[in-house]
Amino acid sequence: MRGVHLNRVRKSYGSVTIIDQLDLAIEEGEFLVLLGPSGCGKSTLLNAIAGLEPLSGGSISIQGRDVTALEPDQRDIAMVFQSYALYPTLSVRRNIGFALKMRGTAKADIERKVGEVADLLQITHLLDRKPGQLSGGQQQRVAIGRALVREPSVFLFDEPLSNLDAKLRADMRIELKKLHERLGRTIIYVTHDQIEAMTMATRIVVMNQGRIQQCDRPEVVYGRPANRFVASFVGAPTMNFVEGRFGRAGDHLAVLTAEGVIPLPGLDVALGQAGQPVTLGFRPEHVALAEAEDVTTVTATPLMSEPTGPDMYVLMRFDPARTGVGVGPELTIRVPADAAIARHQPVPLRLDGRRISLFDPQTGQRMN
Ligand code: ADP
Ligand code: MG
């Protein structure tokens, strides 16, 4: 059993249990992202894998070895934190080589390995500087270099890009992804940023309140969220939600709301009993402007538009009576930047029934 295996992991502080009975199997070579809101227990879980905190219950194995009782330096892992935690008085060269020196590696070998890592991270020209003479992005590279040089089986990253500005974060995402492809090592990466999770992960673990909500490939987490929490946490602008009951519009399944009917053309499965309560979820890009009104369309009134460059998000209000004001729930749709849309002029829309999500309003669990 290579990779990292968490078995019934529990972590409590006093009487407060943060993580309870958590099972997770991470395959060797995965880029696994732990994603969730602040305070949901991501760092607690990562620190448990690193061995920085003792478990309250359960066990952890790394590359087939039970490490539950082992110290961090015996676990074959290296960790990179949000705060770079560099030694301020040491040069970049000595910061990167520090762990090897502690291990008693020969001087010439340290020099060679530090050189290789610096080359990989493109910081060779910075080797003789002190951390205080580096930008935030450069310091983060040094922190990553310090982990790389140890050649562990597993890299643990805790929000490593949070201190960087948006442009640099986007660049570093690409670099980390390249690095992962090049090294082929297991990465476990904590973030609250769904874009980081979507762009880098081979699998995303969405967490809330210490529990795993969904664990799957990014496109599945995005396209088929397991429950209402995942659906609303992943995706920006967020998924639209409409409360209603199952019904029909012509030959199509539909959601009936207090204000009118929302047809779901393309959804061919027979789901739910007529009249059964349902929460309809659909993303802004799963609605299109329709040519004309018919039994497959729903009418909405544009309230406000938000251009993003290539396309535009339009905030609308459901408006089956075509009042130009709207009465029903608000929805956000994505349209081309040059779409002909005028404020307060009702337009027909068509939902793509094959891509919508249906949730049980009671439990929040996915139904389709
Ligand atoms: P995240 O990394 O997802 O933001 P954390 O794992 O840091 O969340 O924290 C999860 C929960 O555990 C929070 O409610 C936090 O207050 C609590 N917690 C973290 N560390 C301690 C500690 N040393 N003592 C008590 N509670 C803690
Ligand atoms: Mg944290």
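The values are calculated or read from the model by the stated rules, or taken from the named source; none is laboratory data. Here the structure is a predicted model, which is why all the values come from computation and not from measurement. Glycine also receives a Cβ, built like all others from the backbone with ideal geometry; neighbour counts cover every protein chain displayed. Areas reflect the complete protein model, heavy atoms only, side chains present, ligands, DNA and RNA absent. Shrake-Rupley method; radii C 1.70, N 1.55, O 1.52, S 1.80 Å.
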Checklist entry - How high is the relative contact order of the chain, in percent, with contacts defined as C-alpha pairs under 8 Å that are six or more residues apart? => result 14
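Would you mind counting up the charge near Gly324? Only other residues with Cβ under 11 Å from its Cβ, with Lys and Arg at +1 and Asp and Glu at -1.
+2
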Checklist entry - Of the lysine pairs in the chain, how many meet both conditions: Cα atoms under 22 Å apart, and a spacing of 8 or more in sequence or different chains? => result 10
Checklist entry - Farthest toward the dipole's positive end in the chain, which of Leu148, Ala99, Gly14, given Cβ charges of +1 (Lys, Arg) and -1 (Asp, Glu) about the Cα centre? => result Ala99
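Using Cα pairs closer than 8 Å and at least 6 residues apart in sequence, work out the relative contact order for region 240-359, in percent.
Numbers: 307 pairs, mean separation 35.7, N = 120.
It comes to 30 percent, rounded to a whole number.
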Next on the checklist: I'd like the Karplus ³J(HN,Hα) series for region 203-220: coefficients 6.51, -1.76, 1.60, θ = phi - 60°, whole numbers in Hz, and an x wherever there's a Gly or Pro.
Outcome noted: 9, 10, 9, 8, 10, 8, 6, x, 10, 6, 8, 6, 9, 6, 5, x, 5, 6
Checklist outcome for this item: Taking the chain and counting helices only, DSSP H stretches of n ≥ 4 at -39,500 (n - 2.57) each over all residues, the nearest-500 ellipticity at 222 nm comes to -7000 deg cm²/dmol
Checklist entry - Ignoring ligands, DNA and RNA, what accessible area per residue does the chain give at 1.4 Å, in Å²? => result 47
Item to check | Met102-Asn163 FRET efficiency (beta carbon distance; Förster radius 35 Å; 0.05 resolution) | outcome: 0.85
Checklist entry - For region 55-109, what is one quarter of the convex hull surface built on the Cα atoms, given in nm²? => result 5.8
Next on the checklist: Out of the total accessible area of the chain (probe 1.4 Å, heavy atoms of protein only), what percent is carbon and sulfur?
Outcome noted: 49
Next on the checklist: Solvent-accessible area of His180, probe 1.4 Å, all protein chains present, reported in Å² to the nearest ten, please.
Outcome noted: 20
Next on the checklist: Need one value: the accessible area of Arg112 in square angstrom, 1.4 angstrom probe, rounded to the nearest 10.
Outcome noted: 120
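Which of the peptides 342-348, 115-121, 165-171 is most tightly packed, and how do the rest follow, judged by the mean count of other Cβ atoms within 10 Å per residue?
Listed from highest to lowest mean packing, they are 115-121, 342-348, 165-171.
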Item to check | Convex hull volume per residue in cubic angstrom - Cα atoms of the chain | outcome: 168
